[in-house]
Amino acid sequence: MTITRLHSDFDKLVSHDARIEKVAGGFIFTEGPLWRPSGVLWFSDIPGNVVRQWSPDGKIVEVLRPGGYDGNSLPAGGFIGPNGMTAGPGGTVLLCQHGNRRIVQIGPDMSVKTLVDSFEGKKLNAPNDLVYRSDGTLYFTDPPYGLPRGDDDPMKELPFNGVFKLSRGKLELVIKDLTRPNGIAFSPDEKTLYVSNSDEKRRIWLRYDVAADGTSSNGSVLFDATADKESGVPDGLKIDVLGNIWATAPSAVYVFSPGGAPLGTIKPPEDPANCAWGDDGRSLYITAETGVYRIKTLVMGQRLVY
């Protein structure tokens with residue numbers, strides 16, 4: 001477990017005595033951490049097809065099984081289960097389900113209903129991660145990871161892997177030229193949309209200008225890690241209140257300034273896949289392969305819309 005400081009500004013974000021601690025382990029592949037108002041952390045285990053809950057007393061319980069695939073025809077052990085989560089209105093949780101190829105809304109009573117599962121009459125690929133804008137518009141990424149053969153799978157109906165926005169029941173495609181759109185987040189002023197591309201051949205993070213109507217344009221590369229010799233690809237990401245990007249990446253959580261300058265890295269003993277703030281807003285929880293890790297930060301994470 002190592003913390004590397006690449007710029008003096010990192011000292012304002014993570015103290016010199018900060019430590020990475022493991023809070024839970026023994027899973028298959030963890031993802032989608034979400035801190036709940038009740039003081040617990042929800043997270044996905046994609047191949048395990050289950051959403052679990054961790055509480056500060058160390059107790060682990062299942063909150064949804066099956067978590068991302070209700071059938072039995074896809075191969076066991078694949079990325080068929082649940083992935084990204086975000087808080088929704090009225091105490092609900094929105095969950096990306098790979099195998100079911102949809103986003104569902106989980107009610108406070110744990111009822112599950114489909115929010116979106118198709119675009120222009122065609123099934124979505126495998127919704128991966130999602131974020132709300134303050135006006136209630138939901139943005140999400142849709143790579144093909146839940147399909148056994150990816151882009152070549154005969155069940156794939158869309159000819160692209162897109163980024164969508166859902167507003168007042170209307171689903172619109174906003175980005176369609178990324179091979180593996182994955183993590184997604186907004187800058188604090190919501191004028192910039194960040195998206196990670198989880199492609200081994202093009203391991204990049206991008207930034208897009210966002211207009212008042214929610215459309216995106218002027219996509220540019222924030223940071224390119226294609227030549228990085230470490231394993232792994234850009235994955236989930238979150239933003240702090242200062243606008244810095246905390247992005248899971250090859251073997252570490254990279255911290256970038258809003259302009260894309262690398263400030264530091266946080267490296268747990270397993271490749272991280274996603275992260276989210278919890279506790280008082282200054283604890284970053286990291287899902288990394290079989291475990292869940294935590295590090296205290298000096299800066300607060302961006303508050304969720306709901």
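The values are calculated or read from the model by the stated rules, or taken from the named source; none is laboratory data. Predicted, not measured: the structure shown is a model, and the values here were computed from it. FYI the Cβ positions are ideal-geometry reconstructions off the backbone, even for glycines, and counts take in every protein chain you see. Side chains are part of the model used for accessible areas, which takes the heavy atoms of the whole protein and leaves out ligands, DNA and RNA. Shrake-Rupley method; radii C 1.70, N 1.55, O 1.52, S 1.80 Å.
Within region 11-28, the residues that satisfy the criterion of being of a type in the set (A, V, I, L, M, F, W, C) and over 14 Å from K296 (Cβ atoms) are A24, F27, I28.
If the requirement is being at pLDDT 95 or above, within 19 Å of the chain's Cα centre (by Cα) and closer than 17 Å to G32 by Cβ, which of these qualifies: P144, P82? Criteria check complete, one pass: P82.
Of the listed requirements (1) within 17 Å of the chain's Cα centre (by Cα); (2) among the hydrophobic types (A, V, I, L, M, F, W, C); (3) open to solvent by 10 Å² or more (accessible area, probe 1.4 Å), V163 misses just one: (3). Looking across region 57-76 at every residue that is in contact (Cβ under 8 Å) with a residue 40 or more places away in the chain and either in contact with an Asp or Glu (Cβ under 9 Å, 6 or more places away or on another chain) or not in a strand (DSSP E or B) (or both), the one that is least open to solvent (accessible area, probe 1.4 Å) is identified as G68. Taking R203 as the residue in question, decide whether it is open to solvent by 60 Å² or more (accessible area, probe 1.4 Å), more than 20 Å from P127 (Cβ to Cβ) and part of a strand (DSSP E or B). The answer is no for R203. Return yes or no: is T215 touching a Lys or Arg at 6+ places or on another chain (Cβ under 9 Å), under 23 Å from S167 (Cβ atoms) and either at pLDDT below 95 or open to solvent by 20 Å² or more (accessible area, probe 1.4 Å) (or both)? Judged against the criteria, T215 is a match. Could you look through region 240-269, keep only residues that are in contact with a Leu (Cβ under 9 Å, 6 or more places away or on another chain) and in a loop (DSSP other than H, G, I, E, B), and pick out the one that is most open to solvent (accessible area, probe 1.4 Å)? Looking at residues that are in contact with a Leu (Cβ under 9 Å, 6 or more places away or on another chain) and in a loop (DSSP other than H, G, I, E, B), I get L242. Among residues of region 280-306 that are touching a residue at least 40 places away in the same chain (Cβ under 8 Å), those with a Cβ under 6 angstrom from a residue that is open to solvent by less than 10 Å² (accessible area, probe 1.4 Å) and among the aromatic types (F, W, Y), sequence gap 6+ or separate chain, pair up as I286/Y293; T287/F43; R294/Y285.
If the condition is being open to solvent by less than 20 Å² (accessible area, probe 1.4 Å), among the β-branched types (V, I, T) and part of a strand (DSSP E or B), then region 99-144 contributes I103, V104, I106, V116, T141.
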